[in-house]
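*Asks:* Mind looking over this structure? Questions follow.
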Amino acid sequence: MYRWIWRTLILGWTGLVVGCGDGELTSSAGTVISPSRHKRSDFSGATGDIPAKSAPVEQPQYVLHQARARLIPAVLQVYYNPTDAPAHWDLASMLALLQRTANKWSDVCNVRIEVIGTTGVKPVMQKQSAVDVDGLSVIGWLVFPTDLASFSGNVSWWYRTNADRLPAIVDADMGLNLSRVSRFTGESAALNLGGLLTHEWGHMLGISHSNTSQSVMFAAPYNSYTFQNSLRGDDAAACADLYGAAPHAQAMRVFNWAEQVLPDLLQPLGVSSTLVDGFPTREYSQTGFALQVRAERIYYRPGFQQAWIDLGLVSDWFAVASSQGF
Ligand SMILES: [Zn+2]
């Protein structure tokens with residue numbers, strides 16, 4: 001961690017920062033000065049779920065920050081601050097949910113999010129100037145300021161031009177709104193918070209709101225939490241644009257698609273891949289169903305303790321999945 005903070009300090013020194021509006025680029029005295037803050041607030045009241053099978057398929061139309069600010073290297077080490085967390089979100093389940101939702105992005109692109117522990121430091125919302133940048137990426141619960149009060153989540157990050165003149169995110173914080181905790185309680189708590197987190201992680205990686213309604217990153221209006229538990233093709237394309245596609249991205253996108261077309265079998269939603277016998281696998285604990293990629297072929301397991309069944313080439317399935325927006 002010290003090494004990371006040290007690097008942040010060095011980058012800060014080489015890439016002088018000024019505070020200015022979202023995405024605004026300024027320069028002075030021949031120095032490349034990075035633009036500064038970036039915030040995304042999420043979940044006003046409206047939600048608009050669009051069933052995958054009935055909605056028109058749109059072309060990828062994701063939106064990135066204009067400077068293409070991103071994690072360099074492509075690893076985000078982030079802490080969780082459990083202070084004020086709703087009682088039913090005990091530390092272990094919250095850390096697990098954070099990592100699991102983050103891993104959905106690693107399934108499709110070459111970026112890694114490491115939830116490495118807890119901190120007492122609060123996330124800094126609405127970073128206005130360099131003094132708000134502590135180099136510590138934090139997720140935590142807090143009451144949002146008035147102008148963000150109607151949102152459930154908010155991400156604010158800061159980037160600096162590094163020694164290679166690349167725009168590197170050096171501090172990304174995610175706030176979860178304590179005033180809207182009721183959305184994350186009850187039967188669908190994990191699904192709802194998981195959906196919100198999946199969307200917010202996209203921002204933490206440098207992805208803005210997409211223009212494509214069939215995407216997790218769409219926000220006009222926001223899709224439902226259920227919708228946001230499987231990444232769409234537009235989300236995968238956005239992340240791959242910044243970080244490159246993950247080695248098994250096509251298979252993972254087929255799995256994302258399968259979760260939408262086989263909703264009864266692939267439960268619970270919000271699963272990310274783990275290695276089983278060395279192969280990337282999604283296991284669905286409610287049904288025992290599992291999907292696996294092995295040597296460019298997709299396999300499924302119809303239930304607990306059952307044999308794997310070959311479904312054919314990843315590329316054939318990916319053609320189907322991508323044509324349906326995954
Ligand atoms: Zn958002």
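All of the numbers you see were taken from the coordinates with simple rules; none came from a lab. Predicted, not measured: the structure shown is a model, and the values here were computed from it. Methodologically, a virtual Cβ is constructed for each residue, glycine included, from the backbone with ideal geometry; neighbour enumeration extends over all protein chains shown.
*Asks:* Of Leu242, Pro221, Pro268, which is farthest towards the positive pole of region 178-296's charge dipole, taken about the Cα centre with +1 and -1 on the beta-carbons of Lys, Arg and Asp, Glu respectively?
*Replies:* Pro221
*Asks:* Counting each pair of different Cα atoms once, what's the Kirkwood radius of region 233-283 in Å, rounded to one decimal?
*Replies:* Numbers: mean 1/r = 0.0842 Å⁻¹.
Evaluated on region 233-283, it is 11.9 Å.
*Asks:* Okay, moving on. Over all alpha-carbon pairs in region 156-281, figure out the percentage whose distance exceeds 27 Å. Don't jump to the answer; show the numbers that get you there.
*Replies:* On the way: 1953 of 7875 pairs.
Here the long-distance tail beyond 27 Å is 25 percent of all Cα pairs in region 156-281.
*Asks:* Ok, one more. Tell me the relative contact order for region 249-323 as a rounded percent, counting alpha carbon contacts under 8 Å between residues six or more apart.
*Replies:* Details: 115 pairs, mean separation 19.8, N = 75.
26 percent.
*Asks:* Would you mind pulling out the separation of the Cα centroids of region 235-262 and region 72-98, in Å?
*Replies:* 24
*Asks:* A further question on this structure: Taking only C-alpha pairs under 8 Å that are 6+ residues apart, what is the relative contact order of region 85-233 in percent?
*Replies:* Values: 208 pairs, mean separation 31.0, N = 149.
After rounding, I find 21 percent.
*Asks:* Restricting things to alpha carbons, find the Rg to Rh ratio for region 249-323 using the Kirkwood radius for Rh.
*Replies:* On the way: Rg = 11.2 Å, Rh = 12.1 Å.
Dividing the radius of gyration by the Kirkwood radius yields 0.92.
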